[in-house]
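One structure is given below, encoded as structure tokens.
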Amino acid sequence: MKKLLSIFLVAALLAVPSVHAEDEIRVIAEDREIEFDVPPQIINGRTLVPMRKIFEVFGAKIEWFEQSQLILATCNADVVAMVIGRSEITVTNTLSGKVKTIELDVPPQISDGRTLVPIRAVSEALGMDVKWNEETKVISISRRLI
């Protein structure tokens, strides 16, 4: 009887959807879901994600300078520079020499031992389109069509 009750309880728990899962933000890039070791976080209305993972998805090479808390990400001809706590990103195209500065509502920051960056600003700096679906809590990222 106890074994039957245990099986029933386990089955009942598996059948109940997780409340936490409904609140999680999912990120889909180029039709593949990105798994983060630290979940995306909404801070002041902006979604921040671990920087290394999001840049690597785009094929960027990352450099972290601990002393100055500088993040450099190189993707094709673009170099993206960010500093923890600063509300701007600088994007330099090494071929054309053009430099653009993007103002941020929420600066990059460190949380749970991970450097978090605003996903929309970083993605758009690398020429991606970003869409947010409030209902499903899904961020979709795709290459910008020229």
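Observations
- Answer residue from the stretch 51-69, given it is polar (S, T, N, Q) and more than 12 Å from PRO108 (Cβ to Cβ) and is most open to solvent (accessible area, probe 1.4 Å) among those: GLN67
- Contact annotation: residue pairs with Cβ atoms under 6 Å, 6 or more positions apart or on different chains, pairing a residue in the stretch 103-125 that is assigned to a strand (DSSP E or B) and at pLDDT 90 or above with a partner that is surrounded by fewer than 22 Cβ atoms within 10 Å (Cβ to Cβ) and charged (D, E, K, R), are GLU103/GLU88; PRO118/ARG46.
- Taking each residue of the stretch 61-81 that is among the hydroxyl-bearing types (Ser, Thr, Tyr) and looking for partners that are not in a strand (DSSP E or B) with beta-carbon atoms closer than 8 Å, six or more apart or interchain, yields THR74/ALA60.
- Enumeration of residues in the stretch 129-146 that are hydrophobic (A, V, I, L, M, F, W, C) and either farther than 18 Å from VAL80 by Cβ or over 13 Å from the mean Cα position of the chain (by Cα) (or both): TRP132, VAL138, ILE139, LEU145, ILE146
- Candidates are the residues of the stretch 101-146 that are basic (Lys, Arg) and under 12 Å from PRO40 (Cβ atoms); the one that is least open to solvent (accessible area, probe 1.4 Å) is LYS137.
- Residues being open to solvent by less than 60 Å² (accessible area, probe 1.4 Å) and free of Cβ contacts under 8 Å to residues at least 24 places away in the same chain - total across the stretch 31-50: 2
- Residue list for the stretch 70-93, filter: part of a loop (DSSP other than H, G, I, E, B), open to solvent by 40 Å² or more (accessible area, probe 1.4 Å) and at pLDDT 95 or above: GLY85, ARG86, SER87
The values are calculated or read from the model by the stated rules, or taken from the named source; none is laboratory data. A quick note: this is a predicted structure, and the numbers were derived from the prediction, not measured. With ideal geometry, Cβ positions are generated from the backbone for all residues, glycine too; neighbour counts draw on all protein chains shown. For the accessible areas, the whole protein counts, side chains as well, though only heavy atoms, and no ligand, DNA or RNA atoms are used. Shrake-Rupley method; radii C 1.70, N 1.55, O 1.52, S 1.80 Å.
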